[in-house]
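Before any comments, here is the structure.
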Amino acid sequence: MAEAHILIVEDEEDILQLIEYNLLKEGFTAACARTGEEALRLARDEQPDLVLLDLMLPGIDGLEVCRTLRRQPPTAMTPIVMLTAKGEEADIVAGLELGADDYITKPFTPKVLVARIRTVLRRRAAAPVEKDSILRIHGIEIHPGRHEVLVGGKRVELTFTEFRLLQLLAGRPGWVFTRYQIVNAVRGEDYVVTDRAVDVQIVGLRKKLGEAGRYIETVRGVGYRFRD
Ligand code: CA
């Protein structure tokens, strides 16, 4: 099977060429855009399988490109991996909330970049988890029908909110959720309405899961993820 077609959006020429070289070497095909305007045009014309999107661009910036891609039917579902610099946590959070799939912080090695692209493509290709099917991961069993969680075969008592939180994170392992996304997805009776409340729920959930609690990872400045 042919590798995917990737749209690289990056205004720094040396980084752009390095990425293109490595993707072609791995068998991907690539299109290159140096501005946000060009990115939107190429995304529409070439319908890439994935967009690598630098956030700091001249003209229309990366976040605006992300927002526009998500709004237009041909690219609404196209995976987007943001290329970000250290200290851009606020932009990362904004990008994830606009629907970007993942991000990678510069500087990165070509090996890590290619691995990340393959992971995102694989995740997108995987069938969505059935809402009512039992989820098994890292020795944790989540039974949506019975609202029950087993760790190493032993039942763990969770509140409604903790259960929803675990279901959300474990349902998409490796995926980073921002606190805002968590607040929106998890509306329990013991309400979670603030960032701080999300953090408190996570602490409680980790404690109840015991050893398995370590699979819930904090992504500093961004949110939480269940280890892949
Ligand atoms: Ca840039």
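Within the range 9-29, the set of residues being more than 13 Å from the ligand (Cβ to nearest atom) and within 16 Å of Leu83 (Cα to Cα) comprises Gln17, Leu18, Glu20, Asn22, Leu23.
Applying the criterion of being crowded, with 16+ Cβ neighbours inside 10 Å and over 17 Å from Arg214 (Cα atoms) to the residues of the range 151-176, the residue that is modelled with the lowest pLDDT is Thr161.
Remark: Thr105 matches the filter, which requires a residue to be within 15 Å of the chain's Cα centre (by Cα), in contact (Cβ under 8 Å) with a residue 12 or more places away in the chain and either outside the structural domain of Glu13 (by TED's automatic domain parsing) or within 16 Å of the ligand (Cβ to nearest atom) (or both).
For the range 57-87, a residue qualifies if it is within 15 Å of the ligand (Cβ to nearest atom), open to solvent by 30 Å² or more (accessible area, probe 1.4 Å) and out of contact with any Gly (no Cβ under 7 Å at 6 or more places or on another chain), and the qualifying residues are Pro58, Ala85, Lys86, Gly87.
Consider the range 47-56 and keep the residues that are more than 14 Å from the ligand (Cβ to nearest atom) and open to solvent by less than 50 Å² (accessible area, probe 1.4 Å). The one that is nearest to Ile92 (Cα to Cα) is Val51.
For the range 135-143, the condition of being surrounded by 18 or more Cβ atoms within 10 Å (Cβ to Cβ), assigned to a helix (DSSP H, G or I) and modelled with pLDDT of 90 or more holds for none of the residues. Among the residues of the range 201-208, are any modelled with pLDDT of 90 or more and open to solvent by less than 10 Å² (accessible area, probe 1.4 Å)? Among the residues of the range 201-208, at least one is modelled with pLDDT of 90 or more and open to solvent by less than 10 Å² (accessible area, probe 1.4 Å), which makes the answer yes. Of all residues in the range 73-98, those that are farther than 14 Å from Asp54 by Cα and acidic (Asp, Glu) have Cβ atoms under 7 Å from Cβ atoms of residues that are at pLDDT below 95 and part of a helix (DSSP H, G or I), 6 or more apart or on another chain, in Glu97/Tyr180; Glu97/Gln181.
The values are calculated or read from the model by the stated rules, or taken from the named source; none is laboratory data. Computed from a predicted structure; not experimentally measured. As a convention, Cβ positions derive from the backbone with ideal geometry for all residues, glycine included, and neighbour counts pool all protein chains shown. For the accessible areas, the whole protein counts, side chains as well, though only heavy atoms, and no ligand, DNA or RNA atoms are used. Shrake-Rupley method; radii C 1.70, N 1.55, O 1.52, S 1.80 Å.
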